[in-house]
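Visitor: Below is one structure. I have some questions about it.
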Amino acid sequence: MARGATVEEPVRRRLLAEATRLFAERGFESTSVQEIVAAAGVTKGAMYHYFDSKDDLLHEIYGRVLRMQMERLGRFADAEAPVAERLHGAAVDVVVTTVENLDDSKIFFQSMHQLSAETYKSVRAERRRYHERFRDLIVEGQRAGVFRGDIPADMVVDFFFGSVHHLGTWYHPDGPLSGPEVGRHFADLLISSLRPA
């Protein structure tokens, strides 16, 4: 069984890589399943073995980034360190991992309105879980008196992630700032805004 899984995994990765490339080049709506399987060098049957639909492919393109970010956020949240340090690290990390997977994020945010209602609802729930875990760090700091408590934690999260989700519109790897530099600036601004007056 394990051996079969190792044979199948490269096919799945190839499908995701080609779908990501084609969605980035042509757009989600203008890319057909036939074009994806032709580019990946597989049959439609092979694709439908891994993915139920083109929607499912788009969901997975973003989902793999979000799952990775959720796992990393858990490490920051559960670490033995002051809450401000953990939140700063988590904020830097989400910017860096977004920049490292910019095509995936850009494709998703440009095309998510084209997802089926059920898939869209599922994605929103997954993102909400991530945002709630991030918010828990802010609430922890507010309760400890480390962060100001007069701004609702949900508003802080919406403000911060609005900026993160906007990265795809302006960030370029060959620009003046690296991903980690942008991450540190974003995190510094977040922590500064939360310090008690």
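Visitor: For segment 86-111, which positions are surrounded by fewer than 19 Cβ atoms within 10 Å (Cβ to Cβ) and aliphatic (A, V, I, L, M)?
Guide: Across segment 86-111, the qualifying residue is only LEU102.
Visitor: Could you give every pair whose Cβ atoms fall below 7 Å, whose first residue belongs to segment 95-113 and is charged (D, E, K, R), and whose second residue is open to solvent by less than 20 Å² (accessible area, probe 1.4 Å), counting only separations of at least 6 or pairs across chains?
Guide: So the pair list comes out as GLU100/GLY179; ASP103/THR20; ASP104/THR20; ASP104/ILE61; ASP104/TYR62; ASP104/VAL65.
Visitor: If you go through segment 159-180 one residue at a time, how many are exposed (fewer than 15 other Cβ atoms within 10 Å of the Cβ), closer than 28 Å to GLU132 by Cβ and not hydrophobic (A, V, I, L, M, F, W, C)? Lay out the reasoning, then the answer.
Guide: First pass over segment 159-180, keeping only residues exposed (fewer than 15 other Cβ atoms within 10 Å of the Cβ): 159, 162-163, 166, 169-170, 172-178, 180.
Right, trim to closer than 28 Å to GLU132 by Cβ and you get 159, 162-163, 166, 169-170, 180.
Filter once more, so that each one left must be not hydrophobic (A, V, I, L, M, F, W, C): 162-163, 166, 169, 180.
Residues that pass the stated criteria total 5.
Visitor: Working only within segment 181-197, note down all residues that are surrounded by 13 or more Cβ atoms within 10 Å (Cβ to Cβ) and either among the charged types (D, E, K, R) or touching an Asp or Glu at 6+ places or on another chain (Cβ under 6 Å) (or both).
Guide: Step one: of segment 181-197, the residues surrounded by 13 or more Cβ atoms within 10 Å (Cβ to Cβ) are 181-191, 193-194.
The answer is GLU181, ARG184, ASP188.
Visitor: Suppose we filter segment 114-125 for residues that are touching a residue at least 24 places away in the same chain (Cβ under 8 Å) and open to solvent by less than 50 Å² (accessible area, probe 1.4 Å); how many remain?
Guide: 5
Visitor: It is to be established whether one or more residues within segment 141-149 are in contact with a helix residue (DSSP H, G or I) (Cβ under 7 Å, 6 or more places away or on another chain), more than 18 Å from PHE76 (Cβ to Cβ) and part of a loop (DSSP other than H, G, I, E, B).
Guide: Filtering segment 141-149 for residues in contact with a helix residue (DSSP H, G or I) (Cβ under 7 Å, 6 or more places away or on another chain) gives 141-142, 144, 146-149.
Add one more test, that the residue is more than 18 Å from PHE76 (Cβ to Cβ), and what stays is 148-149.
Next cut, part of a loop (DSSP other than H, G, I, E, B) only: 148-149.
The answer is yes, given that some residue of segment 141-149 is in contact with a helix residue (DSSP H, G or I) (Cβ under 7 Å, 6 or more places away or on another chain), more than 18 Å from PHE76 (Cβ to Cβ) and part of a loop (DSSP other than H, G, I, E, B).
Visitor: Where residues in segment 12-27 are among the aliphatic types (A, V, I, L, M) and either surrounded by fewer than 17 Cβ atoms within 10 Å (Cβ to Cβ) or at pLDDT below 90 (or both), which of them is farthest from PHE108 (Cα to Cα)?
Guide: ALA17
Visitor: Oh, and also: Mind checking which residues of segment 28-46 are farther than 19 Å from VAL123 by Cα and surrounded by fewer than 16 Cβ atoms within 10 Å (Cβ to Cβ)?
Guide: Result: SER30, SER32, VAL33, GLN34, GLU35, ALA38, GLY41, THR43, LYS44, GLY45.
Visitor: Considering only segment 47-85, state which residues are open to solvent by less than 20 Å² (accessible area, probe 1.4 Å) and either on the phi > 0 side of the Ramachandran plot or modelled with pLDDT of 95 or more (or both).
Guide: If the condition is that a residue be open to solvent by less than 20 Å² (accessible area, probe 1.4 Å) and either on the phi > 0 side of the Ramachandran plot or modelled with pLDDT of 95 or more (or both), then LEU73, GLY74, ALA77, VAL83 are the ones that fit.
The values are calculated or read from the model by the stated rules, or taken from the named source; none is laboratory data. From a predicted model like this one, the values you see are computed outputs, not experimental measurements. Quick reminder, even Gly has a Cβ in these numbers, built from the backbone with ideal geometry, and neighbours come from all protein chains shown. What goes into the accessible areas is simple: the full protein's heavy atoms, side chains included, and nothing from ligands, DNA or RNA. Shrake-Rupley method; radii C 1.70, N 1.55, O 1.52, S 1.80 Å.
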